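The values are calculated or read from the model by the stated rules, or taken from the named source; none is laboratory data. Please read all numbers here as calculations on a predicted model, not as lab measurements. Cβ atoms come from the backbone with ideal geometry, glycine included; neighbour counts cover every protein chain shown.
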Amino acid sequence: MMNPAERETALAKMSAASKCFYTCATEIGNHPFIEFTGLMNEYITACHMAHAQGIDFTECNTHTGQDLPLQSFQVAYINEKLECIFTGRSVMSHEPKHHDQPHA
């Protein structure tokens, strides 16, 4: 868990890390690899939004069962990036996953 000040610092460092990744990825020249920057930046945007709502985004993951709040347009954007990277395979739905249901 992080307190609000720690989350602010984490958000700044996450943005810096994404910028560094983008610089390195563009030097490689593999377009799908560069698309990971879009995923990172959308994650950072979602974390900013969660933080503004008082949600500790560092606790939002499949291990804790707490969903990171996402708008449907964010899910669509993430899917667009995943489809580019993984050649048409979309893995996210617009509905939050319910962790208390058995997996199919």
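Remarks
- Condition broken by Arg89, with the remaining ones in (1) surrounded by 11 or more Cβ atoms within 10 Å (Cβ to Cβ); (2) at pLDDT below 95 satisfied: (1)
- In the range 13-59, the residues that are in a helix (DSSP H, G or I), small (Gly, Ala, Ser) and touching a Pro at 6+ places or on another chain (Cβ under 9 Å): Ala46, Ala50
- Ile34 surrounded by 12 or more Cβ atoms within 10 Å (Cβ to Cβ), of a type in the set (A, V, I, L, M, F, W, C), modelled with pLDDT of 95 or more and more than 14 Å from the chain's Cα centre (by Cα): yes
- Residue selection: Glu8 satisfies the criterion of being part of a helix (DSSP H, G or I), modelled with pLDDT of 95 or more and over 20 Å from Asn79 (Cα atoms).
- Just one of the listed residues (Lys81, Lys97) is modelled with pLDDT under 95 and surrounded by 14 or more Cβ atoms within 10 Å (Cβ to Cβ), namely Lys81.
- Matching residues in the range 11-57 - criterion: being of a type in the set (A, V, I, L, M), over 15 Å from Gln74 (Cα atoms) and in contact with a helix residue (DSSP H, G or I) (Cβ under 9 Å, 6 or more places away or on another chain): Leu11, Met14, Ala17, Ala25, Ile28, Ile34, Ile55
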